[in-house]
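The next block holds one structure in the form of structure tokens; read it before the comments.
The values are calculated or read from the model by the stated rules, or taken from the named source; none is laboratory data. None of the values given here were measured: they were computed from a predicted structure. A quick note on method: Cβ atoms are made from the backbone with ideal geometry, for glycine too, and the neighbour counts reach across all protein chains shown.
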Amino acid sequence: MVTMKDIAKKAGVSATTVSAALRGTEGVSSEVAARIRTIAERMNYRVNASAQALRSGHTNTITLFTASMATQYYHSLATSLSYEATTQGFETRIQQSRFITHDEADIIRNASASQSDGLIFISTSLTPRQVLDCVGGKPVVMFENYMDDQLIDSVNTPSRRGAQTAIKHLVDQGCTRIGIIGKDTLPYNAYRPSPLAGRSRNARILAAQQAITDLGLPHAQTSCEDVDWSAEGGIEAAYRMADAGLPYDGVFCANDITALGVLRGLADRGVRVPQDVAVIGFDGIDTSTYSVPRLSTIALDYQGMARSAVMLLLQQINHPDTPSLPQTVTAGFTLEVRESSLRR
């Protein structure tokens, strides 16, 4: 393995000068630094990450923890996070729980013990307190933390405002009987003590139900089709609607994957979209632009979400001794009106 001493001998300088040149610090002329970098490249020099970590106390690595990379939402967010981390000089590692909730704590503890400077939780079934117990004091940021006791820096999707905007859009298109597609873990207006009660799926559904109520429309408490947030769940909901004689003339789907399933199911039953039923989703995944008809959606600002999460984490990494209260950032969104809901 080529070392800095080897490069120093070849360049006729000290190992300290080589180290400074490769790190880009001041004190080395641009001419000498360029010559050292050229020699290092020709000798195929590679930084010893372990040794560098021992010297600096940092690995310049961030671990992204997620349930899965199979869905487009998780993939889009992880890709944006990796890009933002790279722009700040950090590499990313991805750890998946694969929705095995009883193993999550052990997976997190193992990830925390590995060589990374901090962790970003894209998704987890654990509460913020449980996450803090698992990470062993390492810097951490969570996505989709709607709990009242803010213990961790968090970045949330605009679940409430986005859902309200979607419902208002359907009303603006002339819809008067609006259904909500997506499973809620607890009944409307129920007491919600569980950890998952504060997560995005409940926030979106509750906000949509409240918007229907505020607008004076019927069925606010019974309009939720209880299906999984998946394409299969959307198809199932569409079949139910068609078999029941189309009780809704507009539907809000809690995510785009479910909405795409609804489009498929309605097409199977010969229901016209948007003439018979207008459909809107949530997330703004790429596939939503390729369906027939093209899906209207609440499109998330993935890059903005990722930038906020990385900046919050770096603040903790770079200033570990600076006390601060946990912050919560709510991402922006855009109402993308397309063929599936556009009537006017």
Note to self: Looking at the structure I just gave you, is Gln115 more than 20 Å from Gln327 (Cα to Cα) and touching a residue at least 12 places away in the same chain (Cβ under 8 Å)?
What the structure shows: yes
Next item on the list: Collect the residues in segment 83-92 that are without any contact (Cβ under 8 Å) to a residue 60 or more places away in the chain, surrounded by 15 or more Cβ atoms within 10 Å (Cβ to Cβ) and in a helix (DSSP H, G or I), keeping them in residue-number order.
Entry: none
Check: How many residues does segment 33-65 contain that are among the polar types (S, T, N, Q) and modelled with pLDDT under 65?
Finding: 4
Check: Does Val251 count as in a strand (DSSP E or B) and either among the acidic types (Asp, Glu) or modelled with pLDDT of 95 or more (or both)?
Finding: yes
Next item on the list: Inspect segment 182-189 for any residue being modelled with pLDDT of 70 or more and either within 21 Å of Ser341 (Cβ to Cβ) or in contact with a strand residue (DSSP E or B) (Cβ under 9 Å, 6 or more places away or on another chain) (or both) and give the result as yes or no.
Entry: yes
Margin query: Could you tell me how many of the residues in segment 131-173 are under 19 Å from Glu336 (Cβ atoms) and of a type outside the set (A, V, I, L, M)?
Written below: 12
Check: Listed residues Leu260, Leu266; which is without any contact (Cβ under 8 Å) to a residue 40 or more places away in the chain, under 23 Å from His75 (Cα atoms), part of a helix (DSSP H, G or I) and aliphatic (A, V, I, L, M)?
Finding: Leu260
Notebook entry, point to check: Does Leu342 qualify as being closer than 30 Å to Arg177 by Cβ, more than 18 Å from the chain's Cα centre (by Cα) and buried (at least 20 other Cβ atoms within 10 Å of the Cβ)?
Noted result: no
Note to self: What's the number of the only condition in (1) closer than 20 Å to Thr59 by Cβ; (2) at pLDDT 90 or above that Gln115 fails to meet?
What the structure shows: (2)
Checklist line | Check on Ile167, assigned by TED's automatic domain parsing to the domain that holds Cys253 and either under 30 Å from Ile180 (Cα atoms) or buried (at least 21 other Cβ atoms within 10 Å of the Cβ) (or both) | finding: yes
Notebook entry, point to check: Does segment 261-276 contain at least one residue that is under 30 Å from Pro128 (Cβ atoms), assigned by TED's automatic domain parsing to the domain that holds Cys224, of a type outside the set (S, T, N, Q) and crowded, with 21+ Cβ neighbours inside 10 Å?
Noted result: no
Check: Of all residues in segment 286-303, how many are assigned to a helix (DSSP H, G or I) and either among the basic types (Lys, Arg) or out of contact with any helix residue (DSSP H, G or I) (no Cβ under 9 Å at 6 or more places or on another chain) (or both)?
Finding: 1
Check: Can you name the number of the only condition in (1) farther than 23 Å from Asn255 by Cβ; (2) modelled with pLDDT of 90 or more; (3) not assigned by TED's automatic domain parsing to the domain that holds Phe282 that Met142 fails?
Finding: (1)
Item checked: Ala197 vs. criteria within 23 Å of Arg161 (Cβ to Cβ), of a type in the set (Gly, Ala, Ser), outside the structural domain of Pro128 (by TED's automatic domain parsing) and at pLDDT 90 or above -> no
Check: Just a yes or no: is a residue in segment 278-292 over 21 Å from the mean Cα position of the chain (by Cα) and in contact (Cβ under 8 Å) with a residue 60 or more places away in the chain?
Finding: yes
Next item on the list: Please determine, by comparing only the residues of segment 112-155 that are part of a loop (DSSP other than H, G, I, E, B), touching a helix residue (DSSP H, G or I) at 6+ places or on another chain (Cβ under 6 Å) and of a type in the set (Gly, Ala, Ser), which one is surrounded by the most Cβ atoms within 10 Å (Cβ to Cβ).
Entry: Ser125
Next item on the list: Determine if segment 70-77 includes at least one residue that is modelled with pLDDT under 85, aliphatic (A, V, I, L, M) and closer than 30 Å to Ser340 by Cβ.
Entry: yes
